Amino acid sequence: MEKGKKSGPLDRIFKSIQGYLTPKAPVSSGLSYWRELILTSILFSMTILGTIVYFPSVYLAWTEGKTEVLWVDSLSLGLIYILLLAKRINFSVKATLILTMNYSLGLSLLIFVGPEGGGLLWLFPFPVLAGVLFGLTPSLFGLLANMIAVFIASRAQFYMSLPWSMAPERLYVVGLNFLIANTIVCVPLTILMRGLQESVQRRHEYLTNLRLRKAHIYRSKRTLEKEIATRIEIERTLEENLREKEVLLHEIHHRVKNNLQIVSGMLNLQNMYSTESSTSEVLSKAQSRITAMAMIHDHLYKQDKFANVDMKTYLDSLLRHLVTSYFPSGNRIGFEADMDPVRLSMEKAIPCGLIVTELISNSLKHAFPNESKGNIFVQLKVKENKVHLTVKDDGVGMPSIQEWFGQTSSKKQDQDSSLGLMIIRSLCNQLKAELDLKNTGGTSVCLIFKT
C-alpha cells in the first residue's frame, strides 16, 4: 500500500508530461502526428539536458573569461524553453527555429572556442534532425551546411582574434573525418526514418481507407436493415392479405357448393313429385350435373390450394356418388378405376367431371339392355404432357358413335343426338380435346388434352 501511495504522484507527473507532450494533431493524421511527437520529444530532452549542462558550462566559461559561450548558451536555453512552452507555434516554424538554434550554437562554439569546445558535437545531429523533421533533401543540405561551418571556422582564425589556433590543414583533416562520420550516421538514419515515416503514412492511408470502407459497410448495413425491415413488413402485410383471400375463397367455394346442393335438393324434391318418367329422368340427369359441379367446390373448400384440383381424389368421389345414385339392382354392373395423380385447373376439372357423369349415365342407360351384366371402366393417365381420360364399357356398343359426336356428317345427327351428347361435344370443344372413339366390344370414349 505504501509503495502504491509513493508511486501515485509520480504517475500523475508522468501522465501530465505525457499529456503536455502529446501533439494536437490526432494519431489518425499519420506522418504529421509522428513528426510533431518527435519534435516535442527533442525539445523536452534538450530542455532537461540543456538545463543540467548549462550551469557547469556557464561557470567554466565565466572563470575562463569566455563571455561569448555564456551568451550563446543562455540564448539557446531560453529559446528551447520558449519553443517547448509555446505550443501554439506552427510545426514548420518551430522545427526551423530549433534547427537554426542547433546550427548557430554549434557554429558559434566552433568559431569562438575551437574544435575542442563542443561545436562539432552540436553540429553533428543537425543534418539528422533536418532529415527526420523535413526529409532526405534537407538532410543533404545539412551535411553541406556542416562542411561550410568547418570551412568558416578554419578561415575565421585568420580574420578574428580568437583564443585558439590550429593549422588549417589539421582543421581540414579533423573536419573531413567529422563530415565522413556525420555522413555515415546521417544518411542511413535519415533513410531509415524516411522509410518508417512512409510506412506510417501508408498505414495511415490504409487505416483511412479501412475506416471509409467500414463507414460504407455500416451505411450499407443500415440500409439493408431498413430494406429487410420494410420487406418483412410488406411480407407480413401480404401474408395477412393472402390469409384473408384464402378465407374469402374458402367461404366462396363453400357457399357455391351449398347453393348448388340446394338446387340439387330442389330438383330431387321436384323429381319425387313428378309422375312422368321422362320428366323424372331429365331431373335426375340435371341433378347429377349440378352435383358434379358442387363436388368440385366442395373439394376445393376442403383443400388448402385453390389453383388446381386433384383429379384422382375428385373423380373417386364423383364415381362413388354415381355408383350410389345409378347403381342398378342385382349387382349386375361393376365399376373399375385406374387413375394417376393429376392436378388440373378448375376450368378443366369441371368439364372433365361433367363428361364423366354424362358418359357413365349413358353407359348405364344404353350399354346394358334387358338386365344384362357388364363393367364400366374409368381411366386417367398422363402421357407426354397430355391427359388421357377414358370411359369405356363392355356393353352392346353405341351405333353410329362418330355421328353422335359430330365426327361424320349425317342428316339424322340433329334428330338423334341427345342433350347429354350435345353437352359432351360442347365440353370437348371447351377443353380443346381430341376424341378417340371405339365401338368394338363395347363403347370407349377417350379424351386427350393438354394439362
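FYI, it's all coordinate maths here, none of it is from the lab. Because the structure is a prediction, the values reported are computed rather than measured. FYI the Cβ positions are ideal-geometry reconstructions off the backbone, even for glycines, and counts take in every protein chain you see.
Once you have the alpha carbon radius of gyration of segment 15-216, what is it after dividing by 2.2 N^0.38 Å, with N set to its residue count?
So the Cα radius of gyration is 1.19 times the expected 2.2 N^0.38 Å.
Using a basic spin-label model with each label point 7 Å from the Cα along Cα→Cβ, how many nm lie between Arg243 and Ala86?
Those two pseudo-labels are separated by 7.8 nm.
Limiting things to C-alpha atoms, what are the Rg and the maximum Cα-Cα separation (Dmax) for segment 51-133, in angstroms?
Every Cα atom of segment 51-133 included, Rg and Dmax give 13.4, 39 Å.
With a Cα-only, solvent-free Debye model of segment 98-189, what are the log10 I(q)/I(0) values at q = 0.12, 0.13, 0.16, 0.19 Å⁻¹?
Treating every Cα as an identical point scatterer, log10 I(q)/I(0) equals -0.33, -0.39, -0.58, -0.79.
In nm, what is the difference between 0.36 nm times the number of residues separating Glu169 and Asn259 and their Cα-Cα distance? All intermediate terms of the calculation are to be shown ahead of the outcome.
Details: separation 90, 0.36 × 90 = 32.40 nm, distance 13.00 nm.
Once the chain is fully extended between Glu169 and Asn259, it gains 19.4 nm.
Order 354-365, 193-204 from most to least packed using the mean count of other Cβ atoms within 10 Å.
Sorting 354-365, 193-204 by mean packing, highest first, produces 354-365, 193-204.
Please sort 206-217, 373-384 by packing, taking for each peptide the average over its residues of neighbouring beta carbons within 10 angstrom, highest first.
373-384, 206-217
Give me the one-decimal nm value for the distance between modelled label points at Glu347 and Thr96, 7 Å along each residue's Cα-to-Cβ direction.
Roughly 8.9 nm, to one decimal.
Can you list residues whose amide H is under 5 Å from Asn375's amide H, if they're 5+ apart or on another chain and H is modeled 1.01 Å from N?
For Asn375, the qualifying residues are Gly334, Asp394.
Residue by residue through segment 94-101, what is 3J(HN,Hα) from phi via Karplus (6.51 cos²θ - 1.76 cosθ + 1.60, θ = phi - 60°)? Round to whole Hz and write x for glycine and proline.
Per-residue couplings from phi come out as 5, 5, 5, 5, 5, 5, 5, 5 Hz.
Starting from the Cα of Ser104, step 7 Å toward the Cβ, then list every residue of segment 45-75 with an amide N under 17 Å from that point.
Within reach of a label on Ser104, which here means backbone N under 17 Å from a point 7 Å along Cα→Cβ, segment 45-75 contributes 47, 68-75.
Using R₀ = 35 Å, calculate the FRET efficiency as 1/(1 + (r/R₀)^6) where r is the Cβ-Cβ separation of Tyr54 and Met147; round to 0.05.
0.75
What are the ³J(HN,Hα) couplings of segment 382-397, residue after residue, when phi is run through the Karplus curve with 6.51, -1.76, 1.60 and θ = phi - 60°? Round to Hz, x for glycine and proline.
Per-residue couplings from phi come out as 10, 9, 6, 6, 10, 8, 10, 10, 10, 10, 9, 9, 10, x, 6, x Hz.
In a Debye calculation with equal point scatterers on the alpha-carbon sites of segment 168-299 and no solvent, what is log10 I(q)/I(0) at q = 0.12, 0.14 Å⁻¹?
-0.81, -0.89
Roughly how many nanometres apart are two label points built 7 Å out from the Cα toward the Cβ at Glu336 and Lys226?
Between Glu336 and Lys226, the simple spin-label model gives 7.0 nm.
Along segment 288-296, what does the Karplus equation 6.51 cos²θ - 1.76 cosθ + 1.60 (θ = phi - 60°) give for ³J(HN,Hα), rounded to whole Hz, x for Gly and Pro?
Coupling constants for segment 288-296: 5, 5, 5, 5, 4, 6, 5, 5, 4 Hz.
Let me know the number of lysine pairs in segment 15-216 closer than 25 Å at the Cα, not counting same-chain pairs under 8 apart. Walk me through the numbers before you get to the answer.
Values: Lys15/Lys24; Lys15/Lys87; Lys15/Lys94; Lys24/Lys87; Lys24/Lys94.
Counting lysine pairs in segment 15-216 gives 5.
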